[in-house]
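Remarks on the structure that follows.
The values are calculated or read from the model by the stated rules, or taken from the named source; none is laboratory data. Nothing here was measured: the structure is a model prediction, and the numbers come from that model. Note that we place each Cβ from the backbone using ideal geometry, even for glycine, and neighbour counts take in every protein chain shown. Note: accessible area is taken over every heavy atom of the protein model, side chains too, but ligands, DNA and RNA are not part of it. Shrake-Rupley method; radii C 1.70, N 1.55, O 1.52, S 1.80 Å.
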Amino acid sequence: MIVEKRVTPSERVSALKECIDRKGVALILEAHNGLSGILAEKARVQKNGQTLEFDGLWESSLTDSASKGLPDASIVGCDSRIHTIDEILNVTYKPIIVDGDTGGEPAQFEYLVQNLERLGVSAVIIEDKVYPKRNSLDATASQTLEDPAAFADKIQAGKEVALSDDFMIISRLESLIAGAGVADALDRAEQYILAGTDGIMIHSNKSDPKEILEFADAYKGLCSRLGRRPVLVSVPTTYNTLSDEQLVANGFNIIIHANHMLRAAYKAMEEVAATILTGGSSLDANPVCAPVSEIFACVGHDRIIRKDKERATSKRLLNGKASSAVLGSGSQR
Ligand code: SPV
Ligand code: MG
């Protein structure tokens, strides 16, 4: 699709920070390919006289991997992730936050930062676990935390190679995922803030938001002691009894709904496959499928057809003018 609102990569890099400066918060939805990126970006609802929309997109390691039929366990390589990121960037205009997993070793992270910034990504989030990591939502997986000083060095290395101050490097604390508690998370947050991080993401896989709220409360004191407050990020997948509004009230500046487009697509695909098998034709599946015309419009097919017609009309007009000019010049002789 030809994106309606075009932006340059550098305008796009700055767009996330601008959004947070303007509104205090960025509401982000996951995308795992071009089509889900378009849908996440163009979603609009009317509520209490206001138009609601997402401010940007999350390119998730879980859903990028799952959409390739692979587990989120450092299996999908960097080049493949970059390919997906570029695919989404190509058809959207809103800011993108990339899930950088552990970021690899500092030299790998430097290349990742350079590459993402060049493409127009606004932020990368890396997590303080050791490579190869396991997805954080699996509470049964063993999770090993990175040495905080080594992680702080990696953050610093990334900050040094980023060209724009607007490109954000966000540190993701995995202390609660590894069972190390809020005090460990705060201690690590301090080290990462001193290393120059642009944001802190506190992650949890519990349904009870108690620890998250405890961290958010203590974060205020930590930041006022350090004299700097990097943005605070939440991924409320498991503790989604807490609304976005409540998260904002507790100091969160970026809220990422991290996997819902993929999970919704999964259910819809499963349902349609079963419906076709059961019905013995695809007739019963019609109500759960978007019309092809809608897909055409969404991905820009309609625009091509309209342009084809316009070009054919102007060619006919030109040919008409040319032949009447020839006829005209002939009749003068
Ligand atoms: C992802 O979306 O890949 C994330 C968030 O890293 S989570 O799956 O909750 O770990
Ligand atoms: Mg991930």
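What the table shows:
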| item | result |
| --- | --- |
| Residues that are open to solvent by 40 Å² or more (accessible area, probe 1.4 Å) and either of a type in the set (A, V, I, L, M) or within 15 Å of S74 (Cα to Cα) (or both), drawn from region 151-171 | V161, L163 |
| Subset of region 59-97 [open to solvent by less than 10 Å² (accessible area, probe 1.4 Å) and either more than 13 Å from the chain's Cα centre (by Cα) or within 15 Å of ligand 1 (Cβ to nearest atom) (or both)] | E59, S60, S61, T63, D64, S65, T84, I85, I88, I96, I97 |
| Residues satisfying the stated conditions in region 112-145, i.e. within 15 Å of ligand 2 (Cβ to nearest atom) and open to solvent by 20 Å² or more (accessible area, probe 1.4 Å) | L112, V130, Y131, P132, R134, N135, L137, D138, A141, Q143 |
| All positions within region 294-321 that are farther than 22 Å from I88 by Cα and open to solvent by 100 Å² or more (accessible area, probe 1.4 Å) | R306, K309, R311, K315, R316, L317, L318, K321 |
| Matching residues, region 98-108, being closer than 15 Å to A152 by Cβ, within 16 Å of ligand 1 (Cβ to nearest atom) and touching a helix residue (DSSP H, G or I) at 6+ places or on another chain (Cβ under 6 Å) | G103 |
| Among residues of region 15-35, those that are more than 16 Å from ligand 2 (Cβ to nearest atom) and open to solvent by less than 20 Å² (accessible area, probe 1.4 Å), counted | 5 |
